[in-house]
Amino acid sequence: MSQIPVKFRIVQVISQIEGVSNQQILGMLKIEYPLDRSVHEKGVEDYLLTLKAVGLIELTNVTLNNKGKLKQYYKITDYGASRMKYIS
Amino acid sequence: MDQKIQLLLQKRDLAFAKKGIGSGLFTGAAWGLDGVLMGMVLGLAPFTNNMSIFAAPLVGACIHDGFAALWLFIHNVINGKWRDYARTMKTRPANMIMLAAILGGPIGMSGNLLGIYFAGASYTAAITAAYPAIGAILGSIFLKEKVSPRVWAGIVLAIIGSFIVGFVPPEGSAYPHFYLGIGLAAVAAIGWAIEGVMSTYGMDLVDSDIAIGIREATSFFVYVFAILPLLGGVAYQILFESFTTPSGWYIAVIGLVGGTSFLSWYRAMNMTGVGRAMGLNVTFALWSVFFGWLLNNLQITSNLIIGVVIISLGTILTIGNPKDLVNLRSR
């Protein structure tokens, strides 16, 4: 199966699993894109911030993990869902 | 959510917004430097042999975008993103980015150069400087971007300032095809504005670093296979001659400055919205005065100083309060 771009995959994951966390997303991507060195914590965080700023995804909840880092849970917005036609 | 989490979230969102504004300011400065350097190189052989008034700057733009595409590809290899080029090319948003590239790159640039030829540099600069306003209007319609009155005021001031910086009294009736030139300048302004809005729509999904890589490569190929053939053999002659002199290689290095500027421009549009990023990009007029003075003995006149002061005020208003930037669009 040919892969979709990393940022597309993040939106797709959020649209399929409501309330998925940033750490779960990172874990999934690391398995799916083992050769992409750009798949790391900061890279994924940057994608999530731009997706949130333009209104494709939104936060459902935020907690602190045991290392004092933000654990964020996301869901797709109606606008984001309307853009899923571009992701197959 | 407890207070500590909210503070951490706010801090993170604010840092993101500030980074976007930083990119927007940087793109203006780098673009100003790029323009001054390109102007200096286009004054060297083989670009000055009067073989064709359009061919020389368009060949320069072709080489510039080709090398910018190469440097951006290397940047994406270093950052481990290069595999996304091929994956992205198969998607519909990539087609939008390529179409945007053609509108903003070869079409916008040709409109600008032909505008200068038919209507003179000052009127063309005045019209093309309006592109951020057109971009902000299109952004608020098609992307539902929030543009506050203060940001509008900032964009308008930055445009007025760029107009004053670029304005030189017109030289009588030397332009028999004046209105054609004005129309072509408008094509450039609209092309650049649509480029911003279309590519930003595409970048909702496409990584901005990949988007700009695709944009520069598309621009280069359209110049080589569509624009240069229209200009005839003279264009290829200049292209090949430029690499037997230092000029072509100078442009290769300038492509690094241009590529960096484009990278920041696309990042800024993706992070702070089209209206604001274009309002910040237009500060290149201010920077081109500074770099022109520093590198090319530009004489500082009173209208340059007035224009620069107005651009600076407009820029401060355009940046506004980064706290307003956390959600870019109203839905």
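The values are calculated or read from the model by the stated rules, or taken from the named source; none is laboratory data. All figures in this text were calculated on a predicted structure; none of them were measured in a lab. Cβ: placed from backbone, ideal geometry, glycine included. Neighbour counts: every protein chain shown. Side chains are part of the model used for accessible areas, which takes the heavy atoms of the whole protein and leaves out ligands, DNA and RNA. Shrake-Rupley method; radii C 1.70, N 1.55, O 1.52, S 1.80 Å.
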The one condition in (1) under 25 Å from residue B:18 (Cα atoms); (2) of a type in the set (S, T, N, Q); (3) more than 10 Å from chain B (Cβ to nearest Cβ); (4) surrounded by fewer than 17 Cβ atoms within 10 Å (Cβ to Cβ) that residue A:61 fails to fulfil: (3)
Residue B:71 - would you say it is within 14 Å of another protein chain (Cβ to nearest Cβ), farther than 23 Å from residue B:274 by Cβ and hydrophobic (A, V, I, L, M, F, W, C)? no
What are the residues in segment B:235-245 that are touching a residue at least 40 places away in the same chain (Cβ under 8 Å), part of a helix (DSSP H, G or I) and open to solvent by 30 Å² or more (accessible area, probe 1.4 Å), if any? B:237, B:241
Exclusive hit being touching a helix residue (DSSP H, G or I) at 6+ places or on another chain (Cβ under 9 Å) and among the basic types (Lys, Arg), set A:69, A:42: A:69
Checking residue B:261 against (1) open to solvent by 40 Å² or more (accessible area, probe 1.4 Å); (2) over 21 Å from residue A:49 (Cβ atoms); (3) in contact with an Asp or Glu (Cβ under 8 Å, 6 or more places away or on another chain), which test does it fail? (1)
Counted residues in segment A:33-68 being under 17 Å from residue B:143 (Cα atoms) and in a loop (DSSP other than H, G, I, E, B) come to 3
Report whether or not residue A:15 is surrounded by 13 or more Cβ atoms within 10 Å (Cβ to Cβ) and over 22 Å from residue A:86 (Cα atoms). no
Flagged in segment B:112-134 as more than 13 Å from the chain's Cα centre (by Cα) and under 22 Å from residue B:283 (Cβ atoms), in numbering order, are B:115, B:116, B:121, B:122, B:123, B:124, B:125, B:126, B:127, B:133, B:134
Kindly evaluate residue A:66 against the criterion of being modelled with pLDDT under 95 and within 11 Å of chain B (Cβ to nearest Cβ). no
Which helices (runs of 4 or more DSSP H) sit wholly inside segment B:111-223 and have at least 1 residues that are aliphatic (A, V, I, L, M) and surrounded by fewer than 18 Cβ atoms within 10 Å (Cβ to Cβ)? B:121-128, B:131-142, B:149-166, B:178-203
Based on this model, can you work out whether residue B:66 counts as over 20 Å from residue B:274 (Cβ atoms) and either among the hydrophobic types (A, V, I, L, M, F, W, C) or open to solvent by less than 70 Å² (accessible area, probe 1.4 Å) (or both)? yes
Please name all residue pairs, on different chains or six or more residues apart, with Cβ atoms under 7 Å, provided the first residue is in segment B:85-104 and is within 14 Å of another protein chain (Cβ to nearest Cβ) and the second residue is of a type in the set (D, E, K, R). B:97/B:215
Segment B:55-69 residues that are in contact (Cβ under 8 Å) with a residue 60 or more places away in the chain, paired with ones that are polar (S, T, N, Q) (beta carbon under 6 Å, 6 or more apart): B:65/B:219
Pick from B:268, B:211: which is under 15 Å from residue B:72 (Cα atoms) and within 24 Å of the chain's Cα centre (by Cα)? B:211
Identify all residues within segment A:69-88 that are open to solvent by less than 40 Å² (accessible area, probe 1.4 Å) and in a loop (DSSP other than H, G, I, E, B); write none if there are none. A:77, A:83, A:87
